[in-house]
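S.K.: This is the structure, below, for whatever I ask next.
The values are calculated or read from the model by the stated rules, or taken from the named source; none is laboratory data. Every value quoted in this text rests on a predicted model; they were computed, and no experiment measured them. Here the Cβ positions follow ideal geometry from the backbone for every residue, glycine too, while neighbour counts run over all protein chains shown. Quick note on the areas: whole protein, heavy atoms, side chains included, nothing else; ligands and nucleic acids left out. Shrake-Rupley method; radii C 1.70, N 1.55, O 1.52, S 1.80 Å.
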Amino acid sequence: MDQLPVVTLVMVALFFLGSVDSSAYDKIVTHSRIRARKEGPNVCALQQVEGTKKKYFSTCRNWYKKSICGKKAEVLYECCPGYMKLDGMKGCPAVAPIENVYDTLGLVKAETTQRYSDMSKLRQEIESTGTFTVFAPSNEAWDELNPTARAALEDNVNIELFNALHYHTVNHRLMTKDMKNGMTVTSMYNDQAIFINHYPNGVVTVNCARIIHGNQIATNGVVHVIDRVIRSVTGTIKDYLESEEELSSFNNAVFIAGVMDKLGQPGQFTLFAPTNEAFDKLTPGFMESIFENEPVIKALVTYHLLNSVQCAEAIMAGSVYETEEGSTIEIGCDGDSLTVNGIKMVLKKDIVASNGVIHLIDQVLIPDSAKEVRELVGKSQSTFGDLVSEMGLMSSLSSDTQYTLLAPLNAVFTDEVMADDEYLRIILQNHMLKLKISLSMLFNGQLLETLSGQLLRVFIYRTAVCIESACMVRGSKEGMNGALHVMTSLIKPADKTAFELLDADGNFKIFLSLMETAGLEDLLKQNGSYTIFAPTDEAFEALGADDLDLLKGDVKALRNILLYHFSEGIIINGGLEAKVTNLLKTLQGKPLQLKSENNSIRVNSVEIPKSDLMAINGVVHVVKNVLYPADLPVGRQDLLLVLQKLIKYIEIKFVSGFTYAEIPLTFIKRIITTTRYIKVPETETVIIEEKQPSIKTVTTVIEGKPSIKQVTRVIKPAGSKVVAEVDQSTKTVTRVIGRQPSMSKVTRIIGGGEDRTSRRRTETSETTITTVNEPQIIAVPDLSKITSFGDNPALLNEESGKITRLIQEGGGFSAAKKPPTGVRRRARLVKRHYKPKE
């Protein structure tokens, strides 16, 4: 059998096995083959960056843009890996001859690697039996190697060059399909690790060197051509930071942020490390101001860190990546330069560590979370930012204050808005909240307080978040002392009810009259959240006075019609999903169909000329047609004629005998005030007129258990019996001298009615007490606790006489005699029995 057919069968078998589990690299090569199918069999289309020798099996994105890294790319057609041309034949119809690894190096035009293998005695190994994978640097890769380093290799071929080539060699076969992202394989140099990354765009890197020609099968292995010479890796990212003096500032920040240990652990990281010169470019004092704020310094550091390895050679266009801080950055390329957020700032790229890759940059990346909120105002909201400064409101936005800015787009600040400074100031304050409110903290129905003290309502919809009638634009940001949300329009807090809005407008007189007739007027006045489609007077112009009277005469029908214009919940234009029919359940029960298109809305195909009139209890949308459910019939001919005059956009059905359902008005929040009148019997009123002497108060505390004395003054009206209750227990002696005395209340009990007395025995005192269960109680001043009137003894005598007379008239009780000063009264048990008179 000829050698060529045998080789062909081997190649076909290997590629068939490889196709069972293809990789991103294999898929990109397949797409390149499809693009070049007109050029003949086994031809691949590549893109070469203009002005360079860099060639790529490109993605669809790069292919259709005809550029790579922002540079124009020229299309080349070459034989796909493993195939070759034959004279006089189109395309690449032949399979490349299969040789050992050493000879295959020449086949793939890696002649320098082949020559070094011969010089270093590696040839003997890779020509022998066994299985090898060689990552062979291209001729250009050797030419780009530092001349000093290359000379050192050539001067010591048996050790240095041999070890370097051994590090490019693995002692088993690895096809690109076997190379998984984040994989580590062991080289033949002291078992040192080789780090492989396989990207979705088809790029495969080995220690960040790109495979430019892969899967060249050999009898004893496989050869992959790479675009640079790789070196062994021993240290972590942490080791590199601690060893480089030019990164000392960043190293200090990493240590303060508590991230250093993480950079010393196994992982797949990309670190954009700012140099000391980059920190020198910062605003003086910035780093010092955040060193004491651990969350902020940590946010700054972790904003430079990705949880994935992004080698420079894998970047073919701008892509967005999430940082460890939580926000995103865009990594792109501009020719041979790597860019971050669109800026060329990478000084040195692809410094490979055992747990990732480092790129040195000449600028410090500052995340939003390490900035003050006022620094987050972008170009599209610059007018708002400028006006806040000009109006002197920036002073309330210090770094120590938590606040939120609701920044409208520049276009909303028209000449009309800017005409009145005082009005403008109020508007700006209504766009500044007192607390930090992030997007994730917002919920439907939430109330937000502004700097001016106004309360703003939050509405959450399927595709929008709105505050009053203004909705947010994507791009909310969080700073270290607050948040910023971009708004489509100005926020105007509601200050009137729906009724007040419609009444003040003057064009809704008939609608309001019908609401009053139907007993629904309170719906426009009460607290709540309603969407109201209010027909103007123009909507009723086809009706005469008799028609309106007929409509008002049928309350059931009127309520069904009017309540079809109300829906619970506030739905504004900006909250509707565009070009989609939104169904709103009405208070009548039937749904409304609401659709937003080209920044205007229609309800049941009826145009809404004016929308989003915000009220404190809802939102009003103006319609010039009365709305009516299409599937709701009418059962009276006279009413049908009226509705046909009124409603033109649908055909109303007539069903003889049909009657409207009674709608329970449970949504009307009625407040009922009840007044109860209680008849009180006439009583005799005693008015005591007294002057208040200047009394000083002195309290003397007597050791031992004190006693308390209570005096009850009782006034007996005609026709009633009064029973007084005296509880003798303990007594407290208080001497009061000077200033206004302490006053307490005593009760005057006026008896009456039937005998409802009860008796209670107190075991300790053997005292029987008789009380009246249902007395009328009148409070008057109590002077019983006053034991000394140093300046007015006459007042004491006068009041004592009155009390004595009252007690005697009420039941024959004797007035208690006052003991001499300093003598304690001994408690005496008294037992009395009597039956009160009716």
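S.K.: Step by step: first the residues of segment 240-270, then only those that are over 29 Å from Asn163 (Cα atoms), among the hydrophobic types (A, V, I, L, M, F, W, C) and not in a loop (DSSP other than H, G, I, E, B), then the one that is most open to solvent (accessible area, probe 1.4 Å). Which residue is that? It would help to see each step written out before you state the result.
M.R.: Pass one, segment 240-270, residues over 29 Å from Asn163 (Cα atoms): 245-262.
Right, trim to among the hydrophobic types (A, V, I, L, M, F, W, C) and you get 247, 250, 253-257, 259-260.
Retained after the next criterion (residues that are not in a loop (DSSP other than H, G, I, E, B)): 247, 250, 253-257, 260.
Values: Leu247: 1, Phe250: 0, Ala253: 0, Val254: 1, Phe255: 149, Ile256: 60, Ala257: 3, Met260: 17 Å².
Selected residue: Phe255.
S.K.: Within segment 320-334, is there a residue that is out of contact with any Ser or Thr (no Cβ under 9 Å at 6 or more places or on another chain), closer than 26 Å to Thr52 by Cβ and free of Cβ contacts under 8 Å to residues at least 24 places away in the same chain? If you could, list the steps in order and put the result at the bottom.
M.R.: First pass over segment 320-334, keeping only residues out of contact with any Ser or Thr (no Cβ under 9 Å at 6 or more places or on another chain): 328, 334.
From what's left, closer than 26 Å to Thr52 by Cβ: 334.
Remaining after also requiring free of Cβ contacts under 8 Å to residues at least 24 places away in the same chain: none.
No: zero hits.
S.K.: Moving on to the next point. Scan segment 294-313 and tell me whether some residue there is more than 33 Å from the chain's Cα centre (by Cα) and either surrounded by fewer than 16 Cβ atoms within 10 Å (Cβ to Cβ) or not charged (D, E, K, R) (or both). Talk me through it step by step, then tell me what you get.
M.R.: Here is the first cut: in segment 294-313, the ones more than 33 Å from the chain's Cα centre (by Cα) are 311-313.
Adding the requirement that they be either surrounded by fewer than 16 Cβ atoms within 10 Å (Cβ to Cβ) or not charged (D, E, K, R) (or both) leaves 311-312.
Yes, that holds for at least one residue.
S.K.: Kindly establish whether Val357 is more than 30 Å from the chain's Cα centre (by Cα) and not basic (Lys, Arg).
M.R.: Yes.
S.K.: Residues of segment 585-622 being farther than 18 Å from Leu524 by Cα, touching an Asp or Glu at 6+ places or on another chain (Cβ under 9 Å) and buried (at least 18 other Cβ atoms within 10 Å of the Cβ), which ones?
M.R.: Once the filter is applied, which keeps residues that are farther than 18 Å from Leu524 by Cα, touching an Asp or Glu at 6+ places or on another chain (Cβ under 9 Å) and buried (at least 18 other Cβ atoms within 10 Å of the Cβ), segment 585-622 yields Ser596, Ile601.
S.K.: Go through Val620, Val580, Val655, Val606 for me and flag whichever is touching a Pro at 6+ places or on another chain (Cβ under 7 Å) and either at pLDDT 95 or above or over 23 Å from Ala518 (Cα atoms) (or both). Before you say what the answer is, go through the steps one by one.
M.R.: Details: Val620 fails: touching a Pro at 6+ places or on another chain (Cβ under 7 Å); Val580 fails: touching a Pro at 6+ places or on another chain (Cβ under 7 Å); Val606 fails: touching a Pro at 6+ places or on another chain (Cβ under 7 Å).
Answer to the selection: Val655.
S.K.: Is segment 281-288 home to any residue that is out of contact with any His (no Cβ under 9 Å at 6 or more places or on another chain), aliphatic (A, V, I, L, M) and either part of a loop (DSSP other than H, G, I, E, B) or in the same structural domain as Lys349 (by the TED database) (or both)?
M.R.: Yes - at least one qualifying residue is present in segment 281-288.
S.K.: In addition: For segment 237-268, enumerate the residues that are aromatic (Phe, Trp, Tyr) and farther than 17 Å from Lys348 by Cα.
M.R.: The one that is aromatic (Phe, Trp, Tyr) and farther than 17 Å from Lys348 by Cα: Phe255.
S.K.: Continuing with the same structure: Of the residues Ile331, Ile343, Ile427, Ile358, which is outside the structural domain of Ala73 (by the TED database), hydrophobic (A, V, I, L, M, F, W, C) and surrounded by fewer than 20 Cβ atoms within 10 Å (Cβ to Cβ)? Steps first, please.
M.R.: Values: Ile331 fails: surrounded by fewer than 20 Cβ atoms within 10 Å (Cβ to Cβ); Ile427 fails: surrounded by fewer than 20 Cβ atoms within 10 Å (Cβ to Cβ); Ile358 fails: surrounded by fewer than 20 Cβ atoms within 10 Å (Cβ to Cβ).
That would be Ile343, the only listed residue that is outside the structural domain of Ala73 (by the TED database), hydrophobic (A, V, I, L, M, F, W, C) and surrounded by fewer than 20 Cβ atoms within 10 Å (Cβ to Cβ).
S.K.: Moving on to the next point. Need the failing condition index for Gln402 against (1) more than 21 Å from Phe291 (Cβ to Cβ); (2) outside the structural domain of His304 (by the TED database); (3) in contact with a Lys or Arg (Cβ under 7 Å, 6 or more places away or on another chain), just the number.
M.R.: The number of the failed condition is (1).
S.K.: Still on this structure: Would you point out the residue of segment 62-83, among those that are open to solvent by less than 80 Å² (accessible area, probe 1.4 Å) and outside any strand (DSSP E or B), that is modelled with the lowest pLDDT?
M.R.: Among those that are open to solvent by less than 80 Å² (accessible area, probe 1.4 Å) and outside any strand (DSSP E or B), it is Gly70.
S.K.: State all residues of segment 623-635 that are open to solvent by 10 Å² or more (accessible area, probe 1.4 Å) and of a type outside the set (Gly, Ala, Ser); if no residue qualifies, say none.
M.R.: Lys624, Asn625, Asp631, Leu632, Pro633, listed by residue number.
S.K.: In this structure, is Leu86 in a strand (DSSP E or B) and at negative phi?
M.R.: no
S.K.: A further question on this structure: Can you pull out the residues in segment 651-668 that are in a loop (DSSP other than H, G, I, E, B) and more than 50 Å from the chain's Cα centre (by Cα)? Outline the logic, then answer.
M.R.: Keep residues of segment 651-668 that are in a loop (DSSP other than H, G, I, E, B), which gives 651-653, 655-668.
Matches in segment 651-668: Val655, Ser656, Gly657, Phe658.
S.K.: Give the residue that is farthest from Val229 (Cα to Cα), with candidates limited to residues of segment 177-212 that are under 43 Å from the mean Cα position of the chain (by Cα) and among the hydroxyl-bearing types (Ser, Thr, Tyr).
M.R.: The selected residue is Tyr199.
S.K.: Among the residues that make up segment 388-405, is at least one of them over 19 Å from the mean Cα position of the chain (by Cα), within 29 Å of Asn573 (Cβ to Cβ) and either aromatic (Phe, Trp, Tyr) or modelled with pLDDT under 95 (or both)?
M.R.: Yes, the conditions are met somewhere in segment 388-405.
S.K.: Can you pull out the residues in segment 98-117 that are under 23 Å from His172 (Cβ atoms) and either open to solvent by 50 Å² or more (accessible area, probe 1.4 Å) or part of a helix (DSSP H, G or I) (or both)?
M.R.: Of everything in segment 98-117, those that are under 23 Å from His172 (Cβ atoms) and either open to solvent by 50 Å² or more (accessible area, probe 1.4 Å) or part of a helix (DSSP H, G or I) (or both) turn out to be Glu99, Val101, Tyr102, Asp103, Thr104, Leu105, Gly106, Leu107, Thr113, Gln114, Tyr116, Ser117.
S.K.: Select, from Ser513, Ser567, the only residue that is free of Cβ contacts under 8 Å to residues at least 40 places away in the same chain and under 17 Å from Leu665 (Cα atoms).
M.R.: The unique qualifying residue is Ser567.
S.K.: Just to be sure, is Gly528 in contact with a strand residue (DSSP E or B) (Cβ under 7 Å, 6 or more places away or on another chain) and either open to solvent by 20 Å² or more (accessible area, probe 1.4 Å) or part of a loop (DSSP other than H, G, I, E, B) (or both)?
M.R.: Yes.
S.K.: Just one of Ile226, Ile217, Ile211, Ile237 is over 30 Å from Ala110 (Cα atoms) and open to solvent by less than 50 Å² (accessible area, probe 1.4 Å); which is it?
M.R.: After applying the criteria, what remains is Ile237.
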